[in-house]
Structures are given as structure tokens and as C-alpha cells.
Amino acid sequence: MAVSVQPLQGVHDGRRSFTVVDSDALPIECVESFLRHLAALSYSPNTVKAYAHDLADLFTWVRFRRRDWQTLTVADVGEWVAWLRLPSPARQGRVGVLPNVEPSLGERTLQRKIAAVSAFYGFYRRLDPVITLQLTRWDRGFSSAGYQPFLAHTRREHARQEIRVRGVLRSAPEVVEAEAYQALLDGCTRLRDRFLLQLLRESGMRIGEALGLRHEDLSIARREVAVNPRLNANGARVKRWKPRTIPAPAALFSSYADYLDEEYGDLNSDFVFVNLWAAPLGHAMAYPAARDVLLRLRRRTGLSSFTFHHLRHTYATELIRKGTDWAIVAHLLGHASVQTTLGIYGHLTVEDARRALIAAGWLIEPVQALEVP
């Protein structure tokens with residue numbers, strides 16, 4: 001009855017992927033076909049991995065309950081979600097659960113799993129008339145007849161709305177304030193790591209995009225950084241396979257020059273970020289090496305929750321606070337649409353709202369209290 005996720009390596013292209021296997025270590029064919037479909041559409045290995053784990057949870061429940069995945073109903077999915085909330089021993093029916101026990105999974109994680117199952121069944125509804133489970137509601141504007149194209153579930157626009165778990169609150173994206181950012185820079189003992197932080201902060205790039213950078217992508221004369229989709233040997237990738245060009249400040253290129261002069265030297269590599277102190281020397285940095293940098297910075301600064309993605313949030317938040325058009329912010333971040341950007345950064349803090357009201361004349365800027373001698 002055990003279902004698990006197993007990594008795969010492409011024979012011809014060497015790309016990572018994942019599959020879901022049963023207790024006999026045999027792939028579950030319907031899941032395997034769906035994951036191959038995602039890989040063919042250039043979904044990132046991490047996305048495929050997340051789908052694989054979510055579907056492994058579904059098929060673990062299906063086999064435990066002795067259900068047929070082809071005939072599941074919306075009510076069955078509700079029962080599955082309730083099962084996911086249980087602690088692991090309780091899922092097997094071995095122990096009872098007290099009312100005050102915290103759910104095993106958070107609401108946002110559950111919502112992600114529902115979205116994965118929704119995409120899985122959306123794929124099979126177009127292949128097999130027996131499959132009828134539908135966890136999405138399509139907007140009327142998408143098609144007057146309600147027609148769903150074969151690859152409709154791959155569209156990035158908000159043409160569909162998932163059945164949602166109640167109580168999921170989207171928190172505001174975490175940003176790195178100036179003092180914390182300076183502490184991170186001071187925590188770098190290597191110019192390469194310092195330049196990596198500056199690049200992420202001044203361009204809003206994702207870590208995978210930075211690791212895939214080539215020297216030709218940085219134009220010192222035009223002060224631009226080009227994000228170009230490529231198949232990289234280190235596994236780094238550009239999300240959505242969409243190129244873009246980002247203007248960057250002169251100080252960033254000054255740090256780039258210092259890094260090349262003092263650390264990179266005569267190394268013969270197209271990649272900007274390479275292994276200079278750990279094997280394999282001279283090879284492009286991969287995600288594990290970047291994670292080592294992250295963990296070192298956490299230890300040295302005490303910023304235990306810091307992630308590279310927080311620098312991307314900081315870049316975007318600063319642009320928005322300065323009044324940059326949302327469409328431009330969406331382009332610079334490489335988002336599929338402005339709606340994506342609004343969904344992530346449309347949550348104002350109290351101070352953001354206060355500044356906006358003061359600028360509009362609704363509030364008077366607070367006067368500092370006078371000190372009493």
C-alpha cells in the first residue's frame with residue numbers, strides 16, 4: 001500500500017524528473033503519464049517534484065480506502081483533505097485524535113495539493129470520458145460555450161478558479177530591510193557571494209536565473225542584465241522559459257568587475273557563478289552550492305528565516321512603493337501577467353496605506369512629539 005516518489009534522470013538530456021511508485025517499486029502509470037506531460041511542457045523539476053508528492057498522497061489514500069481513482073467525486077476529495085489533516089499514525093487508524101491537536105498540514109499546503117489533483121484530473125478528463133471529477137470553475141469570459149481546450153489547464157491566466165480550502169490567508173511577501181541587507185553583505189567573506197546578493201537585490205532575479213547567467217548576459221555599457229532561457233548543465237533554469245532584460249545600477253557592475261578581477265581570474269567558463277573553492281572547481285554553481293551560501297549567511301547574521309527569494313520580494317516592493325507601473329513590475333519580474341504581480345504584492349501594510357492616504361491628502365503627516373525638558 002506504500003506509495004512514494006522516486007527521482008529520475010533523463011538518458012539523453014540528463015534532466016531531473018520524478019515519478020510515483022507503488023509498494024512493488026513499479027510506477028503508477030496514470031501518474032507517470034501526467035508527470036511526463038508536465039516535463040514535456042517544460043515545467044521545472046521542482047514543480048514536477050511537488051506534483052509528484054501531492055499525487056503520491058492522493059494515491060496513498062486511494063489505496064488505503066480501496067477506492068478507484070477514476071471514479072472519485074468532490075466529496076471523496078473532501079474526505080481526502082480531512083485525512084491529510086490527521087497526524088501520520090491517525091491516518092492509518094491506529095490512534096484517535098483529540099480535538100485540540102493541530103492539523104498535520106497547513107491550509108496553504110492543502111490548497112496546493114488540491115490544485116495538483118485538479119490539474120491531474122483536468123488532464124485525464126480530456127483523454128477518458130470515464131473521468132468526470134472537476135475541481136475548477138471556469139470563467140464565463142474564457143469561452144461562451146464553456147469549451148475547454150486540451151491544454152487549458154496549462155494556461156497561466158486566471159481563466160479558472162480552484163475549489164478552495166477556507167481559512168487560507170495569503171501573507172505579505174517578506175522583505176529584507178536596509179539594516180538586515182547590510183548585515184548580509186557584511187557576512188559575505190567572498191566577493192562572489194556578495195555579488196550574488198547584490199544581483200538578486202538589484203534585479204529581482206530568481207536564484208535559478210542567476211545561477212544560469214553567462215558573462216554575455218551582463219552588459220556593462222548598457223547597464224543591463226539579460227535573463228535568457230537555456231538548458232544548463234547545473235540544472236538552473238528560467239521560469240516559464242521567457243526571456244527579459246532588466247536595467248541595473250552602475251554599482252552592481254562595479255561589484256561584478258571586482259569579483260572578476262580578484263576571484264574569478266583567468267578561469268575559462270561561460271558561467272558567471274562558478275565553484276571557486278569546492279569541487280568540482282570551475283564548474284557552474286548548482287542549487288546545493290547556493291544553498292550552502294545561504295546557510296552560511298544565516299549562521300553569520302542570525303537571520304534564520306532569510307531566503308534568496310526575499311531579495312526578489314524586496315526589489316518588487318520597493319518598485320511598487322516608488323509608484324512604478326504594475327505592468328512594468330510584472331515585466332521586470334518575469335511574471336505571466338499583471339494579475340500574478342497583483343496577487344503577490346497587492347497586500348498593503350499599515351504603513352503603506354498610511355503613506356498613500358497622506359499623499360492623497362486624506363491624512364496629515366504625524367508631527368513628532370516635542371521633548372519636554
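The values are calculated or read from the model by the stated rules, or taken from the named source; none is laboratory data. Source: prediction; values computed, not measured. Here the Cβ is made from the backbone with ideal geometry for all residues, glycine too, and neighbour counts use every protein chain on show.
Screening TRP277 on (1) assigned to a helix (DSSP H, G or I); (2) more than 30 Å from ALA40 (Cα to Cα) shows it passes everything except condition (1). Of all residues in the range 54-62, none satisfies being surrounded by fewer than 17 Cβ atoms within 10 Å (Cβ to Cβ) and either in a loop (DSSP other than H, G, I, E, B) or at pLDDT 85 or above (or both). Of the residues making up the range 88-104, those that are at pLDDT 70 or above and surrounded by 12 or more Cβ atoms within 10 Å (Cβ to Cβ) number 3.
Looking only at residues of the range 204-257 that are of a type in the set (S, T, N, Q) and modelled with pLDDT of 95 or more, we find that the one that is farthest from ALA279 (Cα to Cα) is THR245. If you check LEU332, LEU357, LEU342 for being out of contact with any His (no Cβ under 7 Å at 6 or more places or on another chain), among the hydrophobic types (A, V, I, L, M, F, W, C) and within 14 Å of GLY204 (Cβ to Cβ), only one passes: LEU332.
Report every pair of residues separated by at least 6 positions or lying on different chains whose Cβ atoms are under 7 Å apart, first residue within the range 105-122 and in the same structural domain as ARG91 (by TED's automatic domain parsing) and modelled with pLDDT of 90 or more, second charged (D, E, K, R) and not in a helix (DSSP H, G or I). Pairs that qualify, where the first residue is in the same structural domain as ARG91 (by TED's automatic domain parsing) and modelled with pLDDT of 90 or more and the partner is charged (D, E, K, R) and not in a helix (DSSP H, G or I), are ILE114/GLU162; ALA115/GLU162; SER118/GLU162. Evaluation of TRP277 against the conditions (1) over 19 Å from ALA178 (Cβ atoms); (2) surrounded by 14 or more Cβ atoms within 10 Å (Cβ to Cβ) shows that the sole unmet condition is (2). Quick check: anything in the range 284-294 modelled with pLDDT under 95 and out of contact with any helix residue (DSSP H, G or I) (no Cβ under 9 Å at 6 or more places or on another chain)? Scanning the range 284-294, I find at least one residue that is modelled with pLDDT under 95 and out of contact with any helix residue (DSSP H, G or I) (no Cβ under 9 Å at 6 or more places or on another chain), so the answer is yes.
Looking at the range 223-232, is at least one residue at negative phi and in a helix (DSSP H, G or I)? There is no residue in the range 223-232 that is at negative phi and in a helix (DSSP H, G or I).
Just to be sure, is LEU260 on the phi < 0 side of the Ramachandran plot, assigned by TED's automatic domain parsing to the domain that holds SER337, at pLDDT 95 or above and within 27 Å of the chain's Cα centre (by Cα)? No; evaluated as a whole, the condition is false for this residue.
Of note, THR324 satisfies the criterion of being more than 21 Å from the chain's Cα centre (by Cα), surrounded by 13 or more Cβ atoms within 10 Å (Cβ to Cβ) and modelled with pLDDT of 85 or more. The residue that is surrounded by the fewest Cβ atoms within 10 Å (Cβ to Cβ), counting only those in the range 1-46 that are in a helix (DSSP H, G or I) and either among the small types (Gly, Ala, Ser) or modelled with pLDDT under 90 (or both), is ALA40.
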